[in-house]
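> Sharing a structure here in structure tokens format.
The values are calculated or read from the model by the stated rules, or taken from the named source; none is laboratory data. Keep in mind the model is a prediction, meaning the values are calculated, not measured. Here the Cβ positions follow ideal geometry from the backbone for every residue, glycine too, while neighbour counts run over all protein chains shown. We work out accessible area using only protein heavy atoms, side chains counted, and drop any ligands, DNA or RNA first. Shrake-Rupley method; radii C 1.70, N 1.55, O 1.52, S 1.80 Å.
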Amino acid sequence: MTDLTAWLTPGEAEALWLSLKTGIVGTAFSLPPGIAVAWLLARRNIPGKLALDGLVHLPLVLPPVVTGYVLLVLFGHNGLLGRWIEAHLGFTFAFNWKGAALASAVMGFPLLVRAIRLSFEAVDPKLEAAARTLGAKPADVFVSITLPLIAPGIVAGTLLGFARALGEFGATITFVANIPGETQTLPIALYSALQVPGAEIHALRFVLLSLLLAVAALAASEYFARAVQRRLRGAP
Amino acid sequence: MSGLSVQIRRKLGAFAIDLAFEAGKGVTGLIGPSGAGKSMTLETIAGLSRPDTGRITFEDEVFADTERGIFLPPEKRRIGYVFQDPHLFPHLSVAENLDYGASRRPSGGTISRDRVIDLLGIGALLDRRPHRLSGGEAQRVAIGRALLSNPRLILMDEPLSSLDTRRRREIMPFIEALHRSLDLPIVYVSHNIDEIVRLADRVLVLHEGAVVASGDVAQVLNRPEVQSLILGEDARDADPATIIEAAVARNDPEHHLTELAFGSATISVTGLGLPVGAAVRLRIHARDVAIAIVPPEGLSIQNVIEARILTIAPAGPAQVDISLAVSGAPDLRARITARAAGRLSLAPGLTVWALIKSVVLTSG
């Protein structure tokens, strides 16, 4: 494994590292709000639930270019939120890897929420009711019963969101452009390689790298899902 | 009565309950056809759902009072709730399930962990996961889990209904043992007369969200309208029975028999090993009672009681239910064919002999 980078050109290593970084950071930050939104959608009858559901799913149906443009308008240097964040938090999403992470998080969010929401819905409310009668407060029930029971859904949702983030292209290139070493993730690097005449071998290497990453993510997802099942069910 | 006092109204869609009752120490049976509001009543007592209006108190504590805006959340009520299905936590072992409540409400357990495990016979299961338990084992663990949460009141919502007859027989003695060894009020919901007769000290009959009868188990459940309510409209399939509170009159060790007395009648059953004077609850199904118009001779059936016919009512096209007066005892019921009743010229007022083919002994 130590030699893996030796097989890659610096540009390829950079694109791979950037993909992993934006994917991991984007998914990690979307997990807590993802669990919260999934819980709201699965368990609460809040006003505007339909609107929230639609909003969450919007990136799934909108052309990614539109999503990227909306992000640019909101989080760009002169964007409504972008300006506020820059003034008060001292950083920007515009044209850097943080923006790429944000774009991949937004694009992966619907898949993440969907998987976790389904597992919330699969938890028998009677189990939670039983925990209440046994003396557990609602927050205690959530941590000791609900969360362990939806763990497989969280793992599945996280990996699904991560896999989606790895493949993210349209929104990212629209929002933060194509800057090598900063926003040029694997798919964007592949796209760039295809633009250069006679660089087919280059493109092929990016294709293989993407394939490798996808298979690894899939295998990891399967492994974690089984490990969680084992822990929950106590099955061998 | 200083136990549980309930006075609630709740409407949910087309369904509504509006009832009031009290329940003290011992087992209060709550019986009624499905849809009578039994489960909703228990859930409201436990705080899992809120009454629209009403008041629930236990001893000197107010669980809920809509007028004063009081609602105690379920975790503060100290109620041991046993559901229809065990609802064990699948990600925890049996031991962890048992300790879930105990660790959250530890102060001065009503009953020790070892005693619960012993009483329910679950010592060998502690390390197992719930998916590796049989239905009967899982329900026993669920009962243990509820008992160890340091409850002041136990609510049981048809704890045997998800089990087959064999498992039911396996668990019933445990619940009886609990009843004898615990000094806690238990509210036991069922739609099964046998369970209530066997376990309950008092009974409340629920129908369409209201209490329609309450009081002594035998007196209430012997009322024909109560039986047809519980057993359903279809009288042909329904099997009326008479519940009798009897006492051991004599033991006959030579023949391994016990003689039971109720009113002016006595019957013999296989030896019970109970002292003279012990109370026994019997259930005699109408199908197990035959009628003779002369004192019968040369029969293997030894339990023959002299009785007087009170009423004869049709039960389906081919059968009749005959109500028989036995002095000093509840009215006995016999179900025979309409043809037999015609041939014997049975009529109200006639003195007959009731032949009892078998009795069900429900509780000692």
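> Work out the mean other chain Cβ neighbour count within 10 Å for the residues of A:120-130 and drop it here as an integer.
Working: counts 0, 0, 0, 0, 3, 1, 5, 6, 3, 9, 17.
Across the residues of A:120-130, the mean count of other-chain Cβ atoms within 10 Å is 4.
> Moving on to the next point. Leaving out ligands and nucleic acids, and using a 1.4 Å probe, what accessible area per residue does the protein assembly as shown come to in Å²?
On a per-residue basis, 47 Å².
> List residues of region B:69-111, by number, whose backbone nitrogen lies under 18 Å from a label position 7 Å along Cα→C-beta of residue B:161.
Of the residues in region B:69-111, B:81-88 have backbone N under 18 Å from the label point off residue B:161.
> So how much accessible surface do A and B hide from each other in total, probe 1.4 Å, in square angstrom to the nearest 100?
Numbers: alone 13320 and 16920 Å², together 28280 Å².
Using a 1.4 Å probe, the pair buries roughly 2000 Å².
> Wrap a convex hull around the Cα atoms of region A:34-122, take a quarter of its surface area, and give that in square nanometres.
If I average the Cα hull's projected area over directions, I get 6.5 nm².
> In terms of the ratio Rg/(2.2 N^0.38 Å) built on C-alpha atoms, what value belongs to chain B?
Ratio of Cα Rg to 2.2 N^0.38 Å: 1.11.
> Roughly what % of DSSP beta bridges within chain B run antiparallel, to the nearest 5?
Around 80 percent of the beta bridges assigned by DSSP in chain B are antiparallel ones.
> Stick to the Cα atoms of region A:1-58, pair each with every other, and give me the Kirkwood hydrodynamic radius in Å at one decimal.
14.3 Å
> Now a separate question. Give me the angle, in degrees from 0 to 90, between the Cα long axis of helix B:165-181 and the longest principal axis of the Cα atoms of chain B, rounded to the nearest 10.
The angle comes out at about 70 degrees.
> Could you list, bin by bin from short to long, the percent of Cα-Cα pairs of region A:115-236 in 10 Å steps?
P(r) for region A:115-236, in whole percents per bin: 12, 28, 23, 17, 13, 5, 1, 0.
> Does chain A come out rounded, prolate or oblate by the C-alpha gyration tensor, with a ≥ b ≥ c the root eigenvalues, rounded set by a/c under 1.5 and, if not, prolate when a/b is larger than b/c and oblate if not?
Values: a/c = 2.53, a/b = 1.50, b/c = 1.69.
The shape class here is oblate.
> Using only the alpha carbons, work out the radius of gyration and Dmax of the protein assembly as shown in angstrom.
Values for the protein assembly as shown (Cα only, Rg and Dmax): 34.8, 115 Å.
> On alpha-carbon atoms, Rg over Rh for region B:113-213 using Kirkwood Rh?
Details: Rg = 14.3 Å, Rh = 14.6 Å.
In region B:113-213, Rg relative to Rh is 0.98.
> Quick one, what does Rg over Rh come out to for region B:224-364 if you take C-alpha atoms and the Kirkwood Rh?
Rounded to two decimals, Rg/Rh equals 0.98.
> Oh, and also: Once both axes come from the Cα atoms, what is the angle between helix B:94-104 and the longest principal axis of chain B, in degrees from 0 to 90, rounded to 10?
Once rounded, the angle reads 60 degrees.
> With equal scatterers on the alpha carbons only and no solvent term, can you work out the Debye log10 of I(q)/I(0) for region B:178-250 at 0.26 1/Å?
Relative scattering, expressed as log10 I(q)/I(0), comes to -1.32.
> From the C-alpha coordinates alone, can you work out the Kirkwood hydrodynamic radius of region B:14-82, in Å? If you can, show how the numbers build up before the last one.
Details: mean 1/r = 0.0768 Å⁻¹.
So the Kirkwood estimate lands at 13.0 Å.
> In region A:3-96, with Lys and Arg counted as +1 and Asp and Glu as -1 at Cβ, which of these residues, A:48, A:18, A:92, has the Cα nearest the positive end of the dipole, that is, farthest along it?
Towards the positive end, the residue furthest out is A:48.
> Assuming R0 = 51 Å, can you tell me the calculated FRET efficiency for the pair residue B:250 and residue B:72, based on Cβ-Cβ distance, to the nearest 0.05?
It comes out at approximately 0.45.
> Which residue fluctuates most in the GNM of chain A (Cα springs below 10 Å): A:205, A:83, A:44?
So, out of A:205, A:83, A:44, the one fluctuating most is A:44.
> Give me the percent of accessible area attributable to carbon and sulfur for chain B, probe 1.4 angstrom.
The value for chain B is 50 percent carbon and sulfur by accessible area.
> Using Cα pairs under 8 angstrom and six or more residues apart, how large is the relative contact order of region B:153-215, in percent?
Relative contact order for region B:153-215 comes out at 33 percent.
> Averaged over its residues, how many other protein chain Cβ atoms are within 10 Å of peptide B:46-59's Cβ atoms?
Per residue, the average neighbour count from other chains is 1.
> Considering only protein heavy atoms and a 1.4 Å probe, what is the carbon-and-sulfur percentage of the accessible area of chain A?
Working: 8760 of 12320 Å².
Roughly 71 percent, rounded to a whole number.
> For region B:1-126, what D do you get in µm² per second when you plug the Kirkwood radius from alpha-carbon pairs into Stokes-Einstein at 25 °C and 0.890 mPa s?
147 µm²/s
> Right, here's the next one. Roughly how tilted is helix B:135-147, in degrees to the nearest 10 and between 0 and 90, from the longest Cα axis of chain B?
60 degrees
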